[in-house]
1. Using only Cα atoms and rounding to the nearest 10 degrees, what angle (0 to 90) does helix 167-178 make with the longest principal axis of the chain?
2. Each residue of segment 28-40 in order: what ³J(HN,Hα) in whole Hz does its phi give by Karplus 6.51 cos²θ - 1.76 cosθ + 1.60, θ = phi - 60°, with x for Gly and Pro?
3. Once you treat every alpha carbon in the chain as an equal point and sum by Debye, what is log10 I(q)/I(0) at q = 0.08, 0.10, 0.12 Å⁻¹?
4. Where does each of TYR403, TYR397, TYR46, TYR86 land when they are ordered by accessible area, with a 1.4 Å probe and the largest first?
5. What residues have an amide H closer than 5 Å to that of VAL298, excluding those fewer than 5 places away on the same chain, when H is modeled at 1.01 Å from N in the peptide plane?
6. Non-local amide H neighbours of ALA228 (under 5 Å, H modeled in plane, Pro and chain starts lacking H): which ones?
7. Could you check the spin-label model distance between GLN343 and ARG368? Points 7 Å from the Cα along Cα→Cβ, value in nm.
8. May I ask what percent, to the nearest 5, of DSSP beta bridges between residues of the chain are antiparallel?
Amino acid sequence: MDKFRITGGKPLRGRVSISGAKNSALPCMAAAILTSERVTLHNIPYVRDIITQRRLLEDIGATVLTPELRTHQISASHIEIFEAPYDLVKTMRASVLALGPLLARFGKAKVSLPGGCAIGTRPIDLHLRGFEQLGAEVKLEAGDVVARAPQDGRLRGAEINFAKATVTGTENLMMAATLATGKTILNNAACEPEIDDLAELLNKMGARVRGAGTSTIEIDGVESLGGAEHTIIPDRIETGTFIVAGAITRGDVEIRDCRPEHSVALIAKLKDVGVQIEELNQSTLRVSGTPKLRARDVTTEPHPGFPTDMQAQYMTLMTQVEGRSAIAETVFENRFMHVSELQRMGARIQIDGHTAIVEGPVRLTGARVLASDLRASASLVLAGLVADGETSIERVYHIDRGYERIEAKMRALGGDIERIRESVTGALSSDLEGDAAMA
Ligand code: EPU
């Protein structure tokens, strides 16, 4: 298992380019199951979860070509297996995104029920209830969800009221409804930009989806969908992570190829903290200056609120600013795994229920720490960049799931960070080199 070794204290300076959004690429890849024609996706990030999703598509019989490193041409003309097995689902929960498209196009699907994970129990009951409302029969058999469309093989449009806004749940139901008979209305739908991006792809494929990006989405079902070409939106969480990296190291970082309008709540909060963020143009931000930063409370919320995927990185920033901040996590039940690691580096943080109270500023000191999930790992990288001495982060495969070569990007900005390879088979680069060879 690879590690990162970071020596803190260097301000980050220079330009960084943001990769495509993992959480948009994953559902868009699953959407290719909905048609027998080719779907071409550009700006796919070069991260482990994408490799897993590609494996899932290939396992069920799709072909995936990569004529260029970040372009995937997916053809699902010969799907032979209608299931996502436990081996895949246990490594990546987003495998459940195969359920909606398989059920919609083939009338049957089997997906292993994901268990809990480092950030909470994360059930998929709302996805399943939604499929039932579209007429599917959904059963749990030996740990697998087995779903079947009504006898004629087609789902039926319905009005679905989500009890809670769910991102992948909205995506799954939206995909399923594209091929259902009649109209589907999704109420209390999640509003994340990734949902809008998926809807854009689906409409290019011939679907009739309106209102994505708002809390009410209407879908008029069609008989079949066709091929399309689409470019994935930039990753707003990678963008936010680099904004915090610039701010926390008191650097000067130009963040290119991003979409600031997808990060309005985050940018507003960071400006309130005192971070100097300029919008140089529609796709470029600059974080610079050494202003005095102030502690500010934050509460995570579904989009357009402050994203839970930036909570850990924001917490690291709060350890470096004057004052006391309360960070409330409302989206996931157990997303404070980074706290004990930050404490090992000297952070003063107390957890009170769903709220972490951070006292700053403290001088963090380098230590051996353990990455527990994707965003927690990013918070530890940020902590390592400002800590005195050397930080060693173990289990960085978590960060490789969703950040494209974060250490290379940080190093290009002057960060003293390197990957220590512990095994060839575990290294992301071996997968990536394999991919490149196939391209
Ligand atoms: N929930 C239920 N039942 C369901 C579905 C969700 O109770 O059937 C609950 C969850 O347990 C959670 C809340 O609803 O408490 C919101 O979960 P949601 O379904 O929106 O999360 P998700 O779709 O599983 C996606 C991202 C996450 C991101 C969340 C919230 C993908 C592949 N994953 O997860 O990304 O944190 O939305 O924005 O899009 C990450 O990238 O690090 C990551 C975890």
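1. So the helix axis and the longest Cα principal axis differ by about 20 degrees.
2. So the Karplus estimates, Gly and Pro as x, are 5, 5, 5, 4, 4, 5, 6, 9, 8, 8, 7, 10, 10 Hz.
3. -0.44, -0.69, -0.98
4. Working: TYR403 5, TYR397 85, TYR46 25, TYR86 125 Å².
Output order, biggest surface exposure first: TYR86, TYR397, TYR46, TYR403.
5. Those lying under 5 Å, H to H, from VAL298 are ALA326, ILE327, ALA328.
6. VAL39, THR40
7. Those two pseudo-labels are separated by 2.0 nm.
8. On the way: 56 of 80 bridges.
Among the beta bridges of the chain, antiparallel pairing accounts for roughly 70 percent.
The values are calculated or read from the model by the stated rules, or taken from the named source; none is laboratory data. Model, not experiment: these values are computed from the prediction. Please note: Cβ atoms are built from the backbone with ideal geometry, for glycine as well, and neighbour counts cover all protein chains shown. Note: accessible area is taken over every heavy atom of the protein model, side chains too, but ligands, DNA and RNA are not part of it. Shrake-Rupley method; radii C 1.70, N 1.55, O 1.52, S 1.80 Å.
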